[in-house]
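Here the structure comes first, spelled out in structure tokens, and everything after it is commentary.
The values are calculated or read from the model by the stated rules, or taken from the named source; none is laboratory data. Computed from a predicted model, the values in this text were never measured in an experiment. Cβ atoms come from the backbone with ideal geometry, glycine included; neighbour counts cover every protein chain shown.
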Amino acid sequence: MQYETLAAVDLGSNSFHLQIGRIVDDQIYLLDGMREPVRLGAGLTRDKRIDRATQVRALDALRRFSDRLRGFPAEAVRVVGTNALRVAKNSRQFLAEAKEALGFPIEIIAGREEARLIYVGVAHSLTLSREKRLVIDIGGGSTECIIGIGVEPVLMDSLYMGCVSFSLRYFADGRIEKSAFKQAELAARNELQTIVKQYTRHGWGEAVGASGTARSIASILEANGWSEHGISAPGLDKLRSAFLKAGEVERLDLPGLREDRASILPGGLAIMCAAFAELGIEHMSVSDAALRQGVLYDLLGRVQKHDMREVTVQHFMRRYHVDTAQARRVAELAASLHRNLRGSESDPNAEQTLAWGAALHEIGISIAHNGYHKHSAYIIANADMPGFSRMEQSQLARLALAHRGKLAKLQDLSPVPDDWALVFCLRLASLFCRSRTDLDLPRLACELTESGFRLLLPPDLLEDRPLIAAALADEADQWKSIGLRLETKPLRDTGAKAA
């Protein structure tokens, strides 16, 4: 399907943003945007839970976004959550309410995936160049650092510090004391030291700041004549002195300072000063683009069939020396079973997940054959997988873990019919392709039942193939262990279409 407009929603730790863009050829022209200063990160309690008042504020904002997104098809909207939702212990409960309020599914993205998307957004806003660029995005709860060339990131890191979290930690009472500012800078420099050596070795020609903190600092420096454009090291020194001289957030009275940024800017300023010092930055230009623009371009790739997730899967198959012929056999049979099982209800997203699960289910063999499915699941769950959200990685990891062995280990698997259907199809495909050859497979059919699944086989199959008969008997026991039933019946007794 062709789309004229796409929408991205960024649920940041400081603000929620909605961005709508129009597709012209392979470019996106921004049409409309909304910003809601929700301060999700400020609503995290000591035990890392989003308090109810903040949740209510966030849900109200999402309902307003929902009104603007009315009529958008699901495939033309992507919603991502960042640091606050990554660390919140009650994010699952909140996300269920948030999805209902917004009307679209929400993905929690890992820090490095956030960094990748930020770079993609910033790179598309700048003149195309083969010069290396350093991009720094100081968000509400995390700071992303990226070195890239053109539109391709080379190094990506997400550091656990942000303008909201640092402002709450070091300037919670609104006082800006010299000792507190020094502590904040030192803490930020300690975080940055983990990446300085590698980034300095790669080098860059231009430093670019993205998002609210960088734009706010640049606006103040330019308005006060402390920098001709962007952010300069001498200008930062003057701004630090002005903050310390004011002594309190309420007494800050600087041209270019937005009132709604004042309370969280001290923490962001300390991080920016630390970045300039540790990375030896003398000047930083500022981009108007950020995460949401990167999400739009990534979404454009998906709808135009240039999906970064497919690139990642192919890379993992090469990296872990996957038997591509076997992966193809399993994928084809699993897809056939799934279409047979779901019929007209088949979900293209579920089919794609199953295909990726089949492609990656054996990557753990490169570590050890014994218990390789556990290695596969661990790699998928914990590796950086560009393009994939945390939930997508978790789902693929569960599929890899579930494709063989005991099903009882999946007690925490959400009892959604589609999840179990994917597990069923991948397990059965793996079982019937165990010989790892291109032998003709028997005619198969399957269907959902009230208690589980029904597998329909040629009447003489189990007599002619005792190994398959034994494997299916064990498979039935596995499904019984989790309260579901797998029954087998002759294919001639039903009008079901064979897979």
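Quick notes
- Ala331 vs. criteria assigned to a helix (DSSP H, G or I), of a type in the set (Gly, Ala, Ser) and under 30 Å from Ala368 (Cβ atoms): yes
- Considering only residues in segment 218-238 that are without any contact (Cβ under 8 Å) to a residue 60 or more places away in the chain and closer than 22 Å to Pro37 by Cβ, the one that is farthest from the chain's Cα centre (by Cα) turns out to be Ala223.
- Within segment 305-315, considering residues that are over 14 Å from the mean Cα position of the chain (by Cα) and more than 15 Å from Asn349 (Cα to Cα), the one surrounded by the most Cβ atoms within 10 Å (Cβ to Cβ): Val313
- Answer residue from segment 369-388, given it is under 22 Å from Asn83 (Cβ atoms), part of a loop (DSSP other than H, G, I, E, B) and not hydrophobic (A, V, I, L, M, F, W, C) and is farthest from the chain's Cα centre (by Cα) among those: Asp384
- Among all residues of segment 415-423, there is at least one that is closer than 23 Å to Asn370 by Cα, at pLDDT 90 or above and under 35 Å from the mean Cα position of the chain (by Cα).
- Within segment 450-461, residues that are within 17 Å of Leu337 (Cα to Cα) reach partners that are among the β-branched types (Val, Ile, Thr) and part of a loop (DSSP other than H, G, I, E, B) with beta carbons closer than 7 Å, at six or more positions or on different chains, in the pairs Leu456/Thr494.
For every residue, the table says whether it meets (1) farther than 18 Å from Gly294 by Cα; (2) surrounded by fewer than 21 Cβ atoms within 10 Å (Cβ to Cβ); (3) in contact with a Gly (Cβ under 6 Å, 6 or more places away or on another chain).
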| position | (1), (2), (3) |
| --- | --- |
| Ser66 | yes, yes, yes |
| Leu69 | yes, yes, no |
| Pro73 | yes, yes, no |
| Val77 | no, no, no |
| Gly81 | no, no, no |
| Ala84 | yes, no, yes |
| Lys89 | yes, yes, no |
| Glu100 | yes, yes, no |
| Ala110 | no, yes, no |
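- Residue within segment 12-20 that is free of Cβ contacts under 8 Å to residues at least 60 places away in the same chain and touching an Asp or Glu at 6+ places or on another chain (Cβ under 7 Å) present: yes
- Within the set Ala61, Ala53, the sole residue that is of a type in the set (Gly, Ala, Ser), in a helix (DSSP H, G or I) and either closer than 20 Å to Gly162 by Cβ or touching a Lys or Arg at 6+ places or on another chain (Cβ under 8 Å) (or both) turns out to be Ala61.
- The number of residues in segment 341-352 that are more than 15 Å from Arg427 (Cβ to Cβ) and either in contact (Cβ under 8 Å) with a residue 40 or more places away in the chain or outside any helix (DSSP H, G or I) (or both) comes to 4.
- Filtering Gly205, Gly174, Gly225 for residues that are exposed (fewer than 14 other Cβ atoms within 10 Å of the Cβ), in contact with an Asp or Glu (Cβ under 6 Å, 6 or more places away or on another chain) and assigned by TED's automatic domain parsing to the domain that holds Arg240 leaves a single hit, Gly205.
- Residue selected from segment 66-103 under the condition assigned to a loop (DSSP other than H, G, I, E, B) and either of a type in the set (Gly, Ala, Ser) or over 25 Å from Met161 (Cα atoms) (or both), by the criterion nearest to the chain's Cα centre (by Cα): Ala88
- First in segment 80-93 and among the small types (Gly, Ala, Ser), second anywhere and part of a helix (DSSP H, G or I), Cβ under 8 Å, 6 or more apart: Gly81/Ser91; Gly81/Leu95; Ala84/Gly41; Ala84/Gly43; Ala88/Phe94; Ser91/Leu85
- Options Ala58, Ala53: the member that is under 23 Å from the mean Cα position of the chain (by Cα) and at pLDDT 90 or above: Ala58
- Matching helices (runs of 4 or more DSSP H) fully within segment 104-208 where at least 2 residues are more than 18 Å from Asp298 (Cα to Cα): 163-170, 178-202
- The requirement of being of a type outside the set (D, E, K, R), over 19 Å from Thr312 (Cβ atoms) and out of contact with any helix residue (DSSP H, G or I) (no Cβ under 9 Å at 6 or more places or on another chain) is satisfied by Ala96.
- The single condition from (1) modelled with pLDDT under 90; (2) in contact with a His (Cβ under 7 Å, 6 or more places away or on another chain) that Arg35 fails is (1).
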